[in-house]
Amino acid sequence: MTEPIPAPAPSPRPRAKALCLISGGLDSQLAACVLREQGVHVEGVAFSSPFFSPDAAIRAAKQLDIKLHVVDFTPHIAALLKNPPHGFGSCLNPCIDCHAAMVRKASEIMAREGFDFIATGEVLGQRPMSQRRDALNMVQKDSGIPGRLLRPLSAQLLPETEPETLGLVDRSRLLGLSGRNRKPQLEMAKRFGLVEFPTPAGGCLLTEPNYTRRLKNLMEHEGLDDERLLRLLAHGRHFRLDAGTLAIVGRNRGDNEFIRTAMRGGDALVKPVDKPGATVLAIQPAEADMPAILGLCAAYSDGKPGDTVSISVMRAASKPVASPVVVPPRQDFEARMI
């Protein structure tokens, strides 16, 4: 009698691969740790723009010892600022649309490099705009990969996703966190040995009133297409002069250096010659505003009101030209400060 041929042993399931959005904060790091605890291979993705830096994410990836993909998000966030489908938060923060766009960009890496799903550190109900249940549903819907977006920290409170139904992750070992209580996360951080993470206040300049006031002014005049102007918003004092010129006055040596390197053709770089003081960058200045620009530079020099100081004006491809300027009081420019 012939012995039956034994069936071949089933092939072991390949190790699941997750691409986790890493902000640098604690929650996104914990999401990565929860998945790795189940044997999932995790890499991170972070986003860079004039409004938020990937630096914290880079430090987090180093702490987690995972590969980090950094994506330039500038053109995408600039486009969203013009017309966000789900609107703004308290300032100019289009959080829902921004997060959905980040997931869409991450999904391009997922498809290109063979990841099984995207994960985030979102916690249901933690943030009033972007982490309400309806907001999470909107991001899920708009992400382009609704079944493959997993929130490990709140998964047990949300509908099952493909990674769970396919057995790539064990839903029972995911979490059901909600609300703003940080105690569970802090306890988990100790368990996973995480020691470096910023406060949960966020690092996006679009949530800061003073910054967004300047941004609104820029949107009304120069627009959002020049990335260097977006980066200049975080430096110096900004003035909108009578004929429409944007003048940026350095507050310190770092500002002065950044302003100097940001000069482009058609701009004017203005600084005092015989006194210490601020460097002024005038963006495509109207000639009618040049006297005010010189006065602004003099006012923010160490000269006292009524003194005469020498002010140098440099334009692209030309030698600096110095002129004597009587120092006006700074109060003369207060109404023009943005």
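Checking (i) 47, 20, 17; (ii) 34, 28, 17; (iii) 53, 19, 18 against semi-axes √(5λ) of the Cα gyration tensor in Å calculated from these atoms, the matching label is (iii). One decimal place: the segment ARG251-ALA322 gains 23.4 nm when fully extended, by the rule 0.36 nm per residue minus the C-alpha distance. Couplings for the range 86-91, taken from phi via the Karplus curve 6.51 cos²θ - 1.76 cosθ + 1.60 with θ = phi - 60°, read 9, x, 9, x, 5, 10 Hz in order; Gly and Pro are left as x. Computed from phi, the 3J(HN,Hα) profile of the range 291-301 under the Karplus parametrisation 6.51, -1.76, 1.60 (θ = phi - 60°) reads x, 5, 5, 4, x, 4, 4, 5, 5, 9, 9 Hz, with x in place of Gly and Pro. Most fluctuating residue of LEU233, LEU157, LEU35 in a GNM of the chain with Cα springs under 10 Å: which is it? For the chain, modelled as a Gaussian network with Cα springs under 10 Å, the answer is LEU157.
Comparing PRO285, PRO272, THR261 along the charge dipole axis of the range 235-336, the residue lying farthest to the positive side is THR261, per the Cβ-charge model.
For the range 22-177, the dipole from Cβ point charges (+1 on Lys and Arg, -1 on Asp and Glu) about the Cα centre works out to 240 debye, to the nearest 20. Compactness of the range 17-205, taken as the C-alpha radius of gyration over 2.2 N^0.38 Å, stands at 0.94. Close amide H partners of PHE47, meaning residues 5 or more places away or on another chain with modelled amide H under 5 Å apart, are VAL71.
Normalised by 2.2 N^0.38 Å, with N the number of residues, the alpha-carbon radius of gyration of the range 235-336 equals 0.95. Which of ASP255, ASP242, ASP72 ends up with the largest GNM mean-square fluctuation for the chain, with Cα atoms connected below 10 Å? Looking only at ASP255, ASP242, ASP72, the biggest GNM fluctuation is shown by ASP242. Close amide H contacts of GLN284 (hydrogens built in the peptide plane, cut-off under 5 Å, sequence separation of 5 or more or a different chain): ASP267, ALA268. Derived from the Cα gyration tensor, the three semi-axes of the equivalent ellipsoid of the range 75-114 are 24, 9, 6 Å, largest first. Under the criterion of Cα pairs below 8 Å and six or more residues apart, the relative contact order for the range 235-336 equals 25 percent. Distance from the C-alpha centroid of the range 171-226 to that of the range 282-338: 39 Å, rounded to the whole angstrom. Across the options LEU218, PHE197, LEU233, the greatest Cα extent toward the positive end of the charge dipole of the range 197-236 (unit charges at beta carbon of Lys, Arg, Asp, Glu) belongs to PHE197. Placing unit charges on each Cβ (+1 for Lys and Arg, -1 for Asp and Glu) gives the chain a dipole about its Cα centre, and among VAL321, GLN140, PRO184 the Cα reaching farthest toward its positive end belongs to PRO184. Couplings 3J(HN,Hα) of the range 154-166, computed from phi: 10, 4, 6, 9, 10, x, 4, 10, 4, x, 7, 5, 7 Hz, in residue order, whole Hz [Karplus 6.51 cos²θ - 1.76 cosθ + 1.60, θ = phi - 60°; x for Gly and Pro]. In the Gaussian network model of the chain, springs joining C-alpha atoms below 10 Å, which of GLU257, GLU162, GLU208 carries the largest mean-square fluctuation? Its mean-square fluctuation being the largest, the pick is GLU257.
Each value in this text was obtained by applying a stated rule to the coordinates, not by laboratory testing. Note that the coordinates shown come from a computational prediction; the quantities given were computed from them, not determined experimentally. Neighbour counts run over all protein chains shown; Cβ positions are idealised from the backbone, glycine included.
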